[in-house]
Amino acid sequence: VQLQASGGGLVQAGGSLRLSCAASGTMRGRYMMGWYRQAPGKQRELVADITSGGSPNYADSVKGRFTISRDNAKNTVYLQMNSLKPEDTAAYYCHVDTYVDNYWGQGTLVTVSS
């Protein structure tokens, strides 16, 4: 399974970005898709994830600002990020958990200027 993320970039505080991550390869059954982020000098943390049935889960720091969604037909997960803050600056990694294996994308950089 390979994950290809896109959509990162530089944005001013208060702006928006949309991340996409397409999974290729064979994944059978239900699997979780999500986004993690890692800022310089900090540990990687969960941003949001979503079940095959579409139930989302968010970190408290992004609730009300970020929206995760997925298209099961395309094996793609999205992260709509609104009202971005400088503290959202990080490398964002998409993640798939098949409950047997874990897969990570290559990371896409999001930089929010104040």
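The values are calculated or read from the model by the stated rules, or taken from the named source; none is laboratory data. Given the structure is predicted, the values throughout are model-derived calculations rather than measurements. Virtual Cβ from ideal backbone geometry, glycine too; neighbours counted across all protein chains shown.
Tell me, please, whether a residue that is exposed (fewer than 14 other Cβ atoms within 10 Å of the Cβ) and more than 11 Å from the chain's Cα centre (by Cα) can be found in the range 88-96. No, the range 88-96 contains no residue that is exposed (fewer than 14 other Cβ atoms within 10 Å of the Cβ) and more than 11 Å from the chain's Cα centre (by Cα).
If you go through the range 56-97 and keep only what is modelled with pLDDT of 95 or more, out of contact with any Ser or Thr (no Cβ under 7 Å at 6 or more places or on another chain) and assigned to a loop (DSSP other than H, G, I, E, B), you end up with Ala59, Asp60, Ser61, Val62, Lys63, Gly64, Ser83, Lys85. With the requirement that a residue be surrounded by fewer than 18 Cβ atoms within 10 Å (Cβ to Cβ), at pLDDT 95 or above and of a type in the set (Lys, Arg), what does the range 1-54 give you? Of everything in the range 1-54, those that are surrounded by fewer than 18 Cβ atoms within 10 Å (Cβ to Cβ), at pLDDT 95 or above and of a type in the set (Lys, Arg) turn out to be Arg18, Lys42, Arg44.
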